[in-house]
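Below: the structure, in structure tokens.
The values are calculated or read from the model by the stated rules, or taken from the named source; none is laboratory data. Keep in mind that what you see is a predicted model, and the values were worked out from it rather than measured. Cβ placement follows ideal geometry from the backbone for every residue including glycine, while neighbour counts extend to all protein chains displayed.
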Amino acid sequence: MSTEPVARDLTGTTERPNPAASPSASVQPGVIEHSGATVQPSVVEHPGATERPSGPAGGGRTRIWSTVRRFLSRIWSTVRRFLPVGVLVLLAAVPYTNLRIPVLFDRPLNAPGTLHLIAICLVFGGLALSYDLMFGRTGMLSFGHALYFAAGGYGTAILLAQTSWPLWTVALVAVVGATVLAALLGSVALRTKGIAFAMVTLAFAQIGAIAASRNPGRLTGGEEGLSLDGRRLPEALVGVVNTVNLYWLALAFVALVAFVVHRIDDAPAGRVLAAVRDDDRRVDVLGLSPYRYRLLAFVIAGALASIGGVVYVLLIGGANPGLTSSDLTLSLLVMVVLGGPGTRWGPVAGGVVFAYLDHRLTAVGTSEAVERLPSVLSGPLSEPLFILGTVFILAVYFFPGGLAGLAHRLGPLQRLLPSRVPGGVSGGTSGGASGRMPS
């Protein structure tokens, strides 16, 4: 019996090989013949299939792009690790440069007015981060955080006016007093949760606002506030020439808040706070007390806010009832949401941006250019809160994760590179499995 291989064409006819035929016309065993083209029987082409790279060129390009992406990934990781330090160094170098940024600032960066504005923005950035320790990291919505900010500010102003103590002793006593106040009020307010907790903190804040405006014992100055006596302050903190020293103080405050909050994040207590935020019943089942950890976060946040109050009073030269208003706490909530709650640097960025816009929009609203507009436009544009509210709504709608979520929405740096090798060459198949015909 003949064992010669048999080839079948697509019409179903059987054809035995002719040994006399030319070598170019011979049919190789197991090959299907159709219109002069040969197709391997083990693979059937599909319309959606992609071709594998042919030759060493495709593989070389793939290796090159893979190496570039790994290199950029390492650079991005290094940049993210040292970015806070780089920003801190840049902020520390601001007083030594006369760089002008026309759109953002009217004067050079080292001008007293510019340094004063940046210092205020830094204070609110640190204050927003202290509020995020409760809101974003522990899940407590408080409407009374401004009370401890005002306690530090008013405590400093009152003690400077009523005692002969030096400034640093006064500041220490004011911070300790505000911390004790936060512990007392927090131990009561944290007996409730959710909206009830928010309402209790709001009630405490309103009591503080009423007390500051009523001027009990002529201590707070009433509606006019309480100014600082320059003679009771160190010479290094008095006068326009020494604005740079107040700038250093504000920068040190935001660095301190960032250090404390991030140390808590990295510690086991930070993981417990995150668990309390997600589901406190599970923490209770594990034998831990959610109440104690909430109180810890509440007290630390209040202490950090009181330090910010001391620095802010030194910056503006006195305390006023606006420090105790619930509007300030609502502004802190907007700052945190704008920057990104629970993120590492989002609240700081949100606080700085919000404070800057609040200051600049106030100047824009009273400018002659806005006053010359029709009343339909000049009315809303002259109200900074209207513009800030619009910016906030747009930011929440288009960037739900806040400013800190921009990196995740835009993707890491290595994702900017194409995932395919140029020329449409891919390392795998797509669009359907390969079919096999029986040989």
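Identify all residues within region 292-327 that are closer than 23 Å to A198 by Cα and surrounded by fewer than 17 Cβ atoms within 10 Å (Cβ to Cβ); write none if there are none.
Passing the criteria: R292, G322, D327.
Going by the conditions given, is G302 touching a His at 6+ places or on another chain (Cβ under 8 Å), small (G, A, S) and either assigned by TED's automatic domain parsing to the domain that holds V173 or more than 22 Å from A171 (Cβ to Cβ) (or both)? Before the answer, list the steps.
On the way: touching a His at 6+ places or on another chain (Cβ under 8 Å): yes; small (G, A, S): yes; either assigned by TED's automatic domain parsing to the domain that holds V173 or more than 22 Å from A171 (Cβ to Cβ) (or both): yes.
Judged against the criteria, G302 is a match.
Would you pick out the residues in region 43-80 that are under 30 Å from the mean Cα position of the chain (by Cα), charged (D, E, K, R) and modelled with pLDDT under 75?
Hit for region 43-80 is R80, nothing else.
Go through (1) without any contact (Cβ under 8 Å) to a residue 24 or more places away in the chain; (2) not in a helix (DSSP H, G or I) one by one and return the number of the condition V176 breaks.
(2)
With (1) in contact (Cβ under 8 Å) with a residue 12 or more places away in the chain; (2) of a type outside the set (A, V, I, L, M, F, W, C); (3) on the phi > 0 side of the Ramachandran plot as the list, and G217 as the residue in question, which single condition is left unmet?
(1)
Tell me, which residue of region 131-162 that is within 23 Å of the chain's Cα centre (by Cα) and among the aromatic types (F, W, Y) is nearest to G225 (Cα to Cα)?
Of everything passing the filter in region 131-162, F149 is nearest to G225 (Cα to Cα).
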